[in-house]
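Asks: The structure is given below, and queries will be raised subsequently.
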Amino acid sequence: MRCEAPPTAGLFILSVIGSIKLPCELRLERREDISFFVPSNLLPEGSVRVVFSTRKGGVSPPPYESLNLAFHVGDEEANVLENRRVFCSAIGLDLGRLTTAQQVHGSKIAVVGQDLVGRGAFDEETAIPVVDGLITNLTGVPLAVFLADCVPIVLFDPLRRAIGIAHAGWKGTHSGIALNLVESLVGVFRSRPENLLAFVGPSIRSCCYEVDAELFQMFKDRFRGEVSEQGRLDLVMLNVRQLKRGGVFQKNIHFSRLCTACKASLFFSHRAEGQTGRQAAIVALL
């Protein structure tokens, strides 16, 4: 089974929930050698930056070729620093204020105040520990997660001026990180779920995510049958359903149909490649 190919090289129509086509596109942008995706025509201009990187345009050698943005995968630190420098420059954000999570495949969310700004920007050791999600209402603070098949989830509240981001692997999905992200914005910044815009970026899809019988049964029990076909998991849809259960309106949830394993020439994929680099999902209030 193969995931559906995008209709054009530069414009990617996003998928559907049920029979309703969501009004969302990802637009491929290039700054010199750097390629990345941004949501098209969905965000108030100058309000927020949402970016999903590709593997294109960096300095890392194989197996991290080439825009690896993560320190923890075995790449040389100097390569990662240079990749982060050119990437943040390309998307117009301050690397020194980039704030990252340790990403332990859990479901905890951290609130980023002034004391945490810039944690993990220049090394792995200072990343915010034991969390997989971040929220803030600070302007000019890019929040980032790093991925190679896991699901990136971005939330934006245009009324309360707050943002959140999460890294959802199968463990985080199973333990409800998407719902936790919604509830954290509601609890900390008094966001109303119906005002939230959600963006779920490129990740592995069910076409390439076959799991063993025990793990499949765990998800079937946890989500009461809301899983994909036998033996395969659709983590994107499971996280979308969590967002909806949290009160996010269906019309405000936009998710990519791009599969990182099918498109391993464009994205890093642990399932397709084994040892590899990591792309980033980034959100920042402007």
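Asks: Going through region 255-286 one residue at a time, which ones are assigned to a loop (DSSP other than H, G, I, E, B), hydrophobic (A, V, I, L, M, F, W, C) and modelled with pLDDT of 95 or more? Write out each step before concluding.
Replies: Of all residues in region 255-286, those assigned to a loop (DSSP other than H, G, I, E, B) come to 256-258, 260-269, 274-278, 286.
Now drop any that are not hydrophobic (A, V, I, L, M, F, W, C), which leaves 258, 261-262, 264, 266-268, 286.
Within region 255-286, Ala261, Cys262, Ala264, Leu266, Phe267, Phe268, Leu286 qualify.
Asks: Looking for something crowded, with 21+ Cβ neighbours inside 10 Å and basic (Lys, Arg) - is there at least one such residue anywhere in region 119-127?
Replies: yes
Asks: May I ask you to verify whether Ser184 is hydroxyl-bearing (Ser, Thr, Tyr), in contact with a strand residue (DSSP E or B) (Cβ under 7 Å, 6 or more places away or on another chain) and not in a helix (DSSP H, G or I)?
Replies: Values: hydroxyl-bearing (Ser, Thr, Tyr): yes; in contact with a strand residue (DSSP E or B) (Cβ under 7 Å, 6 or more places away or on another chain): yes; not in a helix (DSSP H, G or I): no.
Considered against the rule, which asks whether it is hydroxyl-bearing (Ser, Thr, Tyr), in contact with a strand residue (DSSP E or B) (Cβ under 7 Å, 6 or more places away or on another chain) and not in a helix (DSSP H, G or I), Ser184 comes out as no.
Asks: Do you know which residues across region 60-91 are in a helix (DSSP H, G or I), more than 17 Å from Ala281 (Cα to Cα) and touching a Phe, Trp or Tyr at 6+ places or on another chain (Cβ under 8 Å)?
Replies: Taking region 60-91 as the starting set, the residues that turn out to be in a helix (DSSP H, G or I) are 77-91.
So of that shortlist, the ones also more than 17 Å from Ala281 (Cα to Cα) come out as 77-79, 82.
Matches in region 60-91: Glu77, Asn79.
Conditions tested, residue by residue: (1) among the polar types (S, T, N, Q); (2) modelled with pLDDT under 95; (3) closer than 24 Å to Leu286 by Cα.
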{"site": "Asp115", "(1), (2), (3)": "no, no, yes"}
{"site": "Glu125", "(1), (2), (3)": "no, no, no"}
{"site": "Asp132", "(1), (2), (3)": "no, no, yes"}
{"site": "Thr136", "(1), (2), (3)": "yes, no, yes"}
{"site": "Thr139", "(1), (2), (3)": "yes, no, yes"}
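Asks: While we're here: When region 196-218 is examined, which residues are found to be part of a helix (DSSP H, G or I) and surrounded by fewer than 17 Cβ atoms within 10 Å (Cβ to Cβ)? Steps first, answer last, please.
Replies: As a first pass, look at region 196-218 and keep what is part of a helix (DSSP H, G or I): 213-218.
Ala213, Glu214, Leu215, Gln217, Met218, listed by residue number.
Asks: Taking region 92-119, which residues are touching a Ser or Thr at 6+ places or on another chain (Cβ under 8 Å), free of Cβ contacts under 8 Å to residues at least 24 places away in the same chain and either in a loop (DSSP other than H, G, I, E, B) or charged (D, E, K, R) (or both)?
Replies: Gly118, Arg119
Asks: Consider Val48 carefully, then state whether it is under 17 Å from the mean Cα position of the chain (by Cα) and of a type in the set (A, V, I, L, M, F, W, C).
Replies: Working: under 17 Å from the mean Cα position of the chain (by Cα): yes; of a type in the set (A, V, I, L, M, F, W, C): yes.
Considered against the rule, which asks whether it is under 17 Å from the mean Cα position of the chain (by Cα) and of a type in the set (A, V, I, L, M, F, W, C), Val48 comes out as yes.
Asks: Please verify whether region 105-117 includes one or more residues that are of a type in the set (Gly, Ala, Ser) and under 26 Å from Gly57 (Cβ atoms).
Replies: no
Asks: Inspect all residues belonging to region 34-41 and state whether any of them is out of contact with any strand residue (DSSP E or B) (no Cβ under 7 Å at 6 or more places or on another chain), small (Gly, Ala, Ser) and over 22 Å from Ser269 (Cα atoms).
Replies: Within region 34-41 (the criterion being out of contact with any strand residue (DSSP E or B) (no Cβ under 7 Å at 6 or more places or on another chain), small (Gly, Ala, Ser) and over 22 Å from Ser269 (Cα atoms)), the answer is no, since none of the residues qualifies.
Asks: Another question, then. Given (1) surrounded by fewer than 19 Cβ atoms within 10 Å (Cβ to Cβ); (2) touching a residue at least 60 places away in the same chain (Cβ under 8 Å), where does Phe249 come up short, assuming only one miss?
Replies: (2)
Asks: A further question on this structure: If you go through region 221-229 one residue at a time, do you hit one that is surrounded by fewer than 16 Cβ atoms within 10 Å (Cβ to Cβ), part of a helix (DSSP H, G or I) and touching a strand residue (DSSP E or B) at 6+ places or on another chain (Cβ under 9 Å)? Please lay out each step first, then the result.
Replies: Taking region 221-229 and keeping what is surrounded by fewer than 16 Cβ atoms within 10 Å (Cβ to Cβ), we get 221-222, 224-226, 229.
Remaining after also requiring part of a helix (DSSP H, G or I): 221-222.
Those still in the list that are touching a strand residue (DSSP E or B) at 6+ places or on another chain (Cβ under 9 Å) too: none.
No, that holds for no residue.
Asks: While we're here: Please go through region 120-154 and pick out each residue that is in a strand (DSSP E or B) and either under 19 Å from Leu69 (Cβ atoms) or within 10 Å of the chain's Cα centre (by Cα) (or both). Spell out the reasoning first.
Replies: Narrowing region 120-154 to residues in a strand (DSSP E or B): 128, 133-136, 139, 143-147, 151-154.
Matches in region 120-154: Ile128, Gly133, Leu134, Leu143, Ala144, Val145, Phe146, Leu147, Val151, Pro152, Ile153, Val154.
Asks: Separate question: Kindly indicate whether Ala178 is of a type outside the set (D, E, K, R), in contact with a Leu (Cβ under 6 Å, 6 or more places away or on another chain) and either closer than 21 Å to Gly92 by Cβ or surrounded by fewer than 24 Cβ atoms within 10 Å (Cβ to Cβ) (or both).
Replies: The answer is no for Ala178.
The values are calculated or read from the model by the stated rules, or taken from the named source; none is laboratory data. Keep in mind that what you see is a predicted model, and the values were worked out from it rather than measured. Reconstructed Cβ throughout: ideal geometry from the backbone, glycine too, with neighbour counts over all protein chains shown.
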